[in-house]
1. Note the angle between two axes, namely the Cα long axis of helix 44-53 and the longest principal axis of the Cα atoms of the chain, as a number of degrees from 0 to 90, rounded to the nearest 10.
2. Do the sum for the chain: with -39,500 (n - 2.57) for every DSSP H run of n ≥ 4, divided by all residues, what is the mean residue ellipticity at 222 nm, to the nearest 500 deg cm²/dmol?
3. Can you tell me the 0 to 90 degree angle between the C-alpha axis of helix 14-23 and the longest principal axis of the chain, rounded to 10?
4. If you bin every alpha carbon distance in the stretch 2-205 into 5 Å steps from zero, what whole percent lands in each bin?
5. Starting from the Cα of residue 182, step 7 Å toward the Cβ, then list every residue of the stretch 1-23 with an amide N under 18 Å from that point.
6. Using a Cα distance threshold of under 30 Å, what count of lysine pairs results for the chain when pairs must be 8 or more residues apart or interchain?
7. Given Cβ point charges of +1 (Lys, Arg) and -1 (Asp, Glu) and nothing else, what value in debye, to the nearest 20, does the dipole of the stretch 2-205 about its Cα centre take?
8. Roughly what would the spin-label model give for residue 163 and residue 147, points 7 Å off Cα along C-beta, in nm?
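None of the figures in this text is laboratory data; all of them are computed from the coordinates on show. None of these values were measured; they are calculated from a predicted model. Positions of Cβ are backbone-derived with ideal geometry, glycine not excepted, and every protein chain shown enters the neighbour counts.
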Amino acid sequence: MLRIGLTGSIGVGKSFVAGVLAELGCHVLDADQAAREVVAPGSKGLSAIVGAFGEGVLRNDGTLDRQQLGSVIFADQSKRELLNSILHPYIIALQDEQLREWEALDPDGIAVVDAALMIESGGFKRFDRLIVVHCRPEVQINRLMARDNLTREEAQKRIDAQMPQEAKQKFADYLIDTSEGFESARKRTGEVYQELCRLSVQENKI
């Protein structure tokens, strides 16, 4: 099975690209979903977060208050790094389990893991190829303001908390620019998919 990493900064349209790849027949795993699973009530991940950040990050029902935790980590890089160091091992283990299941069911298929911090965590090294989604900075900040109902300053702070887009692009095997909207991004995603299919066929012949 061909294993593909999909990443990109906040607000660049990565989820749209992941959706198109799923429509085209790829097995797609959303790391955000994995991140929610590893902090479910009673999980080791949630217990570790409470140990590090206190019970103030919990709601009354015992679930993680993601908004409260987000306000803590976006304001403090060291706390952001601490959270990532706690969660990444659990998330990667869950991803690897899913990849093994898919490979058993569809050994000739294409598996895509969609994760925002794949480069920062070093997780991208586990994949055969890496797709980086990007867009022009002004497009990114406008999308983020509209999506999350943020001020320009709030949106910029979230963007600045991540690795710059230009730095991520240097790691890419394939680039998908979403600046010109959905149809252009869909067309480019289809082109990348065709290249992945050719690569998958080649690897399966070896």
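1. Between the helix axis and the principal axis of the chain, the angle is about 50 degrees.
2. Values: 10 runs with 119 residues, N = 206.
The helix-only estimate for the chain comes to -18000 deg cm²/dmol at 222 nm.
3. That works out to roughly 40 degrees.
4. 1, 7, 15, 18, 19, 17, 12, 7, 3, 1, 0
5. 11-23
6. 24
7. Numbers: 25 positive and 31 negative charges, 65 e Å.
The calculated dipole for the stretch 2-205 is roughly 300 debye.
8. 1.8
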